[in-house]
Amino acid sequence: MEVSDTGKGISPEFLPYVFDRFQQADLVDTRSNNRSGLGLSIVRYLVEAHCGAVRAESAGLGKRATFTVSLPLI
């Protein structure tokens, strides 16, 4: 499954850490909305618990981000 957004994108420097717990990009709106930085780490945990994989791609800030979830067929 692939999901793309039209948001702010993800910087190349932050992309390797996007699934880490409590990680947030240093953007003003992410910090000011009291977000915990847990959402994508929970996604990774649940997908891997089902023997799957998840990855994120982005061409950088100002571009969209795409998240791909792969799960095995049963």
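The values are calculated or read from the model by the stated rules, or taken from the named source; none is laboratory data. What you see is a predicted model, and the numbers here were worked out from it, not measured in a lab. All Cβ positions, glycine included, derive from the backbone under ideal geometry; neighbour counts span all protein chains shown.
Quick notes on this structure:
- Within the stretch 33-52, the set of residues being loosely packed, with under 13 Cβ neighbours inside 10 Å and either at pLDDT 95 or above or assigned to a helix (DSSP H, G or I) (or both) comprises G39, I42, L46, E48, A49, H50, C51.
- Among the residues of the stretch 1-26, those identified as modelled with pLDDT of 85 or more, surrounded by 11 or more Cβ atoms within 10 Å (Cβ to Cβ) and among the aliphatic types (A, V, I, L, M) are I10, L15, V18.
- Of all the residues in the stretch 41-56, those that are in contact with a strand residue (DSSP E or B) (Cβ under 7 Å, 6 or more places away or on another chain) and either aromatic (F, W, Y) or without any contact (Cβ under 8 Å) to a residue 24 or more places away in the chain (or both) number 3.
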